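Asks: Here you go, one structure.
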Amino acid sequence: MSEVASGASPRELDSVRASDSERDAAVGRLQAAFAEGRLNDAEFDERMRTALTARTRADLARLMTDLPADAPAALPAPAGSKPGRFAVTFKSSLHRAGRWRVPEHFTTVVYKGDGVLDLRAAELTAHVTTISAVAYKSRIDILVPPGVRVETGGLGVSTGSAGQDGPLSPNAPVVHVRGYSYKGSVAVAGRPAER
């Protein structure tokens, strides 16, 4: 932020309203810190909600006081590369978390196992992301960050605290989950289930 360069005093900083782009930048830094293990689930969830509803630049600055000043830049994708569209496991576990690129359409199939798709630090490559999840005698947990609109459909899909307990921006990204389960479940939540 350029408040130091502009000579703004801390008191003036407290009253300068934060822009959408400044909130988005703060969210990106928090996601990077979470992916690095600098924030636990509860801290990440609380700070994300605060960043998304911050009114002033000072509100955003307070969220970053114990994080490194220079957030690591996301690794650029090789030219022409697209994120993988499928994740399938057979009698095993599937776990996608941290910094990963989620394509516009993503399909996961878990047969007699467990699956976790953690989108909290992921890069959504489209404004509307559609995830098709098939759980055959399995459980698939899909974790979404606060500030994302979640829409569900299919058979056997449950939604927990999926980041929608407050008003969302009209420009909020959308994650549409089409879940299909047989003797299993597809659950969408904002944080991991207690087991």
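The values are calculated or read from the model by the stated rules, or taken from the named source; none is laboratory data. As the structure is a prediction and not an experimental result, all values here were calculated from the model. No Cβ is skipped: glycine too gets one built from the backbone with ideal geometry, and neighbour counts run over all protein chains shown. Keep in mind that these areas ignore ligands, DNA and RNA; they rest on the heavy atoms of the full protein, side chains included. Shrake-Rupley method; radii C 1.70, N 1.55, O 1.52, S 1.80 Å.
Asks: Tell me whether the stretch 113-130 contains one or more residues that are more than 30 Å from ALA51 (Cα to Cα) and of a type in the set (Gly, Ala, Ser). Before the answer, list the steps.
Replies: Let us first name the residues in the stretch 113-130 that are more than 30 Å from ALA51 (Cα to Cα), namely 113-114.
Keeping just the survivors that are of a type in the set (Gly, Ala, Ser) gives 113.
Looking for residues that are more than 30 Å from ALA51 (Cα to Cα) and of a type in the set (Gly, Ala, Ser), one finds at least one in the stretch 113-130, hence yes.
Asks: Let me ask another. What about LEU67, is it assigned to a strand (DSSP E or B), at pLDDT 85 or above and open to solvent by less than 50 Å² (accessible area, probe 1.4 Å)? Give the steps one after another, and end with the answer.
Replies: Values: assigned to a strand (DSSP E or B): no; at pLDDT 85 or above: yes; open to solvent by less than 50 Å² (accessible area, probe 1.4 Å): yes.
No, not satisfied.
Asks: If a residue must be within 14 Å of PHE90 (Cα to Cα) and open to solvent by less than 10 Å² (accessible area, probe 1.4 Å), how many such residues does the stretch 100-122 contain?
Replies: 3
Asks: Which residue pairs have Cβ atoms closer than 7 Å, lie 6 or more positions apart in sequence or on different chains, and pair a first residue in the stretch 123-137 that is closer than 19 Å to VAL186 by Cα with a second residue that is polar (S, T, N, Q)?
Replies: That search, which allows pairs on different chains as well, returns SER132/THR107; ALA133/THR108; ALA135/SER181; ALA135/SER185.
Asks: Would it be correct to say that LYS91 is at pLDDT 90 or above and among the basic types (Lys, Arg)? Break it down stepwise before answering.
Replies: Working: at pLDDT 90 or above: yes; among the basic types (Lys, Arg): yes.
Answer is yes for this residue.
Asks: Additional query: Which residue, of THR129, THR125, is among the polar types (S, T, N, Q), under 26 Å from ALA26 (Cα atoms) and open to solvent by less than 10 Å² (accessible area, probe 1.4 Å)? Quick ask: steps written out before the conclusion?
Replies: Numbers: THR125 fails: open to solvent by less than 10 Å² (accessible area, probe 1.4 Å).
Criteria check complete, one pass: THR129.
Asks: Here is a further query. Among the residues of the stretch 148-158, is any among the basic types (Lys, Arg) and modelled with pLDDT of 95 or more? Walk me through it before giving the result.
Replies: The initial filter retains those residues of the stretch 148-158 that are among the basic types (Lys, Arg), namely 149.
Those still in the list that are modelled with pLDDT of 95 or more too: none.
Checking the stretch 148-158: not a single residue is among the basic types (Lys, Arg) and modelled with pLDDT of 95 or more.
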